[in-house]
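Student: Questions regarding the structure given below will be posed in turn.
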Amino acid sequence: MNRIFIVARKEFRDGIRDRRALLSAFFFPLSAPLFIYFLLNAVINMAQVDDSLEVPIFGANAAPGLVNHLVERGIKLSHRQPEPLSAIKSAVVNQTLDYALIIPADFESQMASYQPPDLLLVFDSSRNDVGAQVKRLRDTLAAYNQELVSLRLIARGVSPKITVGARPQPIDVASDQKRTANLMNFIPLYVLMAAFVAGLGIAIDGTAGERERKSIEPLLINPVPQTHFIFGKWLASGSFALLGMLGTLVLCIVAMYSLPIEQIGLSFNIGFEQALALLIICLPVPYIAAGMQLLLGLFAKSFKDAQSYIGILIIFPMIPVIIRQFMPFVTETWMASVPIFSQSVLMMDILAGSPYTALRLFLSIVTGFIASAGLCLLAGKLLASERMIQS
């Protein structure tokens, strides 16, 4: 163990000395939470509707009753002179107008003859920043239509209830925290990706970098087993990755607490027990990543060559998130024994407030470290091969 720690200390010191590589390694772990914060803050702002909603309206004089209904509902109207429909569409496309409501000139006459007039609501569905405003306007118009139908029925002595059939009553069993977890399913993705990115430079430099500098042969001349070199490099690379992963996890939690998600009906509450469970679950990931990177780095002839090989590993953290997003499933105990997959699944369960067991935590940790140790042993066996060194 002393030899392993000597190698690890040397690799760790070299990694700290290279300031440019250090900045590159921790750029993603530190910037990802900031990206999360500003992105979700923008989403929250877009989901909110200002009480003073202003709607450009064309032909308002043709429907005074509808205009009064909109004003009573707190909608401010911006009266515009009638224009051709094509001109209004172009204004919405060019974002001169966010949206517009067009009332036909024969609105009153069609209403008097019980012919439903067409209210044209022009908007761009690809713009997420106006979706909430358009929804509020559509709901207000639907309420006006329902109120109008009810008044017509009452005037004829008919109860408006006759127009109502079976009424579905939705019962949403999802808690606010579960709905919040569904919104922030990218947090496990960023945390796991940070583990694969932060220690990447040390892993490549300790394998392909050594080969490119022609220093791997003098290194192996020392009376130290090859596996000790691999485990030392694995410990240094994994420790760097661990620091980056923990930084990302902590900053993501801080960012979520800083966001006003309660304004959109969500809540985020992670206690000490849940935070500790997240930390325990994540522990094997950086060392799994380090083992995979060291193993692939042995097959590369240069630092640049290794980057192209090891860059493929970044898809591993994405797979569980994609599977769960498009093929939802219930977490089972056997899933805790699948490295990387188990960490992603259990992190989502904890963030959602779902129950978890000590057995699943234990399996996740043990299988993760066993997998990382197996990768290191395989790398050490390959490093002992003369063919691998000279290729």
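Student: Sort out which residues of region 79-97 are outside any helix (DSSP H, G or I) and either among the basic types (K, R) or on the phi > 0 side of the Ramachandran plot (or both), and write them in order of number.
Tutor: R80, Q95
Student: Check S342, S308 and return the single one that is in the same structural domain as V250 (by TED's automatic domain parsing), out of contact with any Leu (no Cβ under 6 Å at 6 or more places or on another chain), within 17 Å of L189 (Cβ to Cβ) and hydroxyl-bearing (S, T, Y). I'd like the intermediate steps shown before the answer.
Tutor: Numbers: S308 fails: within 17 Å of L189 (Cβ to Cβ).
Exactly one residue qualifies, and that residue is S342.
Student: Taking the conditions exactly as written (at negative phi, in contact with a helix residue (DSSP H, G or I) (Cβ under 6 Å, 6 or more places away or on another chain) and surrounded by 12 or more Cβ atoms within 10 Å (Cβ to Cβ)), does A132 satisfy them or not?
Tutor: In short, yes.
Student: Let me ask something else about it. Which of the residues spanning region 98-123 are touching a helix residue (DSSP H, G or I) at 6+ places or on another chain (Cβ under 6 Å) and either hydroxyl-bearing (S, T, Y) or within 18 Å of N45 (Cα to Cα) (or both)?
Tutor: Selection gives D98, Y99.
Student: Further, regarding this structure: Determine, yes or no, whether I322 is in the same structural domain as L220 (by TED's automatic domain parsing), under 29 Å from the mean Cα position of the chain (by Cα) and under 17 Å from L189 (Cβ atoms).
Tutor: yes
Student: Still on this structure, please answer the following. From S215, S237, S258, grab the single residue that is among the small types (G, A, S), more than 18 Å from the chain's Cα centre (by Cα), more than 20 Å from L361 (Cβ to Cβ) and surrounded by fewer than 17 Cβ atoms within 10 Å (Cβ to Cβ).
Tutor: Answer to the selection: S215.
Student: Restricting attention to region 58-69, does a residue exist that is of a type outside the set (D, E), assigned by TED's automatic domain parsing to the domain that holds N128, under 23 Å from N128 (Cα atoms) and surrounded by 13 or more Cβ atoms within 10 Å (Cβ to Cβ)?
Tutor: No, every residue in region 58-69 fails to be of a type outside the set (D, E), assigned by TED's automatic domain parsing to the domain that holds N128, under 23 Å from N128 (Cα atoms) and surrounded by 13 or more Cβ atoms within 10 Å (Cβ to Cβ).
Student: Any idea which of A306, A352 is among the small types (G, A, S) and in contact with a Gly (Cβ under 6 Å, 6 or more places away or on another chain)?
Tutor: A306
The values are calculated or read from the model by the stated rules, or taken from the named source; none is laboratory data. If you're wondering where the values come from, they're calculated on a predicted model, not measured in any experiment. Positions of Cβ are backbone-derived with ideal geometry, glycine not excepted, and every protein chain shown enters the neighbour counts.
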